[in-house]
Amino acid sequence: TAGITQAPTSQILAAGRSMTLRCTQDMRHNAMYWYRQDLGLGLRLIHYSNTAGTTGKGEVPDGYSVSRANTDDFPLTLASAVPSQTSVYFCASRRDYNYNEQFFGPGTRLTVL
Amino acid sequence: AQTVTQSQPEMSVQEAETVTLSCTYDTSENNYYLFWYKQPPSRQMILVIRQEAYKQQNATENRFSVNFQKAAKSFSLKISDSQLGDTAMYFCAFMKQSVAGANNLFFGTGTRLTVIP
């Protein structure tokens, strides 16, 4: 079982360009999350989805959008990247609200120049 | 809003010794979960141990145990018989128990642990 995969592993992006970070899980988990990890700040929630077809905003949603067309995929899009979006991005999933463990993907390191 | 505080940015311990990492949190929720995650240089987030707030007994997982003090809102991690592979960043995290909303993890800023041979 692969669990959660993220692509790309790392990326350098010019400011103003758009990019989609991909996240796929094969565990049939209902809930999915996007976090960003910045030095000295821990991980912070960007967006989440409790089930396919629904999404919600987290703590730091500005400049990001998500979609949840099906159970397995939860892409994160930066419409016009800015240097402050340089970070490591983690996708995570959880079976549903009855289960407390979140499983994390390997992360994507994004550098915006 | 929930906040999680880890007041020790860095710690070190001799191999085979015991070390305790501190974590405090602030919440008005009564039902919640607490976690310790390990992040080695590989960047992968690995769940070390979890504690349900309604359980008085402290959780243990092999060499890892917690001291959960609900009234004090304290959740420390004890690592016994430290091994070189324990060298990593450790994050304390909180999650409320709810049937709606994000149910996301709130993380502390982490403690970098180095195990010295």
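At the interface with chain B (Cβ under 8 Å from one of its Cβ atoms), charged (D, E, K, R), assigned to a strand (DSSP E or B) and open to solvent by less than 60 Å² (accessible area, probe 1.4 Å): which single residue out of A:Arg36, A:Arg44 fits that description?
Numbers: A:Arg36 fails: at the interface with chain B (Cβ under 8 Å from one of its Cβ atoms).
The match here is A:Arg44.
Matching residues to (1) within 14 Å of B:Tyr32 (Cβ to Cβ); (2) part of a strand (DSSP E or B); (3) away from every other protein chain (no Cβ under 11 Å):
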site: B:Ser42; (1), (2), (3): no, no, no
site: B:Gln57; (1), (2), (3): no, no, yes
site: B:Leu77; (1), (2), (3): no, yes, yes
site: B:Met89; (1), (2), (3): no, yes, no
site: B:Val115; (1), (2), (3): no, yes, yes
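Quick check on the stretch A:92-113: of everything there that is outside any loop (DSSP other than H, G, I, E, B) and not hydrophobic (A, V, I, L, M, F, W, C), which residue is surrounded by the fewest Cβ atoms within 10 Å (Cβ to Cβ)?
Of everything passing the filter in the stretch A:92-113, A:Thr111 is surrounded by the fewest Cβ atoms within 10 Å (Cβ to Cβ).
Taking the stretch B:94-113 only, how many residues are facing chain A (nearest Cβ under 8 Å), aliphatic (A, V, I, L, M) and surrounded by 19 or more Cβ atoms within 10 Å (Cβ to Cβ)?
Matching residues across the stretch B:94-113 total 3.
Given B:Val13, B:Val48, B:Val4, which one is outside any loop (DSSP other than H, G, I, E, B), surrounded by 12 or more Cβ atoms within 10 Å (Cβ to Cβ) and in contact with a Lys or Arg (Cβ under 6 Å, 6 or more places away or on another chain)?
B:Val48
With respect to A:Arg109, determine if the residue is touching a residue at least 40 places away in the same chain (Cβ under 8 Å) and within 14 Å of chain B (Cβ to nearest Cβ).
On the way: touching a residue at least 40 places away in the same chain (Cβ under 8 Å): yes; within 14 Å of chain B (Cβ to nearest Cβ): yes.
Yes, satisfied.
State whether the residues of the stretch B:65-72 include one that is within 14 Å of another protein chain (Cβ to nearest Cβ), in contact with a Phe, Trp or Tyr (Cβ under 6 Å, 6 or more places away or on another chain) and crowded, with 17+ Cβ neighbours inside 10 Å.
Checked the stretch B:65-72: no residue is within 14 Å of another protein chain (Cβ to nearest Cβ), in contact with a Phe, Trp or Tyr (Cβ under 6 Å, 6 or more places away or on another chain) and crowded, with 17+ Cβ neighbours inside 10 Å.
If you check A:Gly16, A:Gly63, which single one turns out to be in contact with a helix residue (DSSP H, G or I) (Cβ under 9 Å, 6 or more places away or on another chain) and over 28 Å from B:Ala88 (Cβ atoms)? Explain how you work it out, then say what you get.
Working: A:Gly16 fails: in contact with a helix residue (DSSP H, G or I) (Cβ under 9 Å, 6 or more places away or on another chain).
Step by step, each of A:Gly16, A:Gly63 is checked, and only A:Gly63 is in contact with a helix residue (DSSP H, G or I) (Cβ under 9 Å, 6 or more places away or on another chain) and over 28 Å from B:Ala88 (Cβ atoms).
The values are calculated or read from the model by the stated rules, or taken from the named source; none is laboratory data. Everything numeric in this text was worked out from a predicted model, so none of it was measured. All Cβ positions, glycine included, derive from the backbone under ideal geometry; neighbour counts span all protein chains shown. The area values use the complete protein model at the heavy-atom level, side chains included, leaving out ligands, DNA and RNA. Shrake-Rupley method; radii C 1.70, N 1.55, O 1.52, S 1.80 Å.
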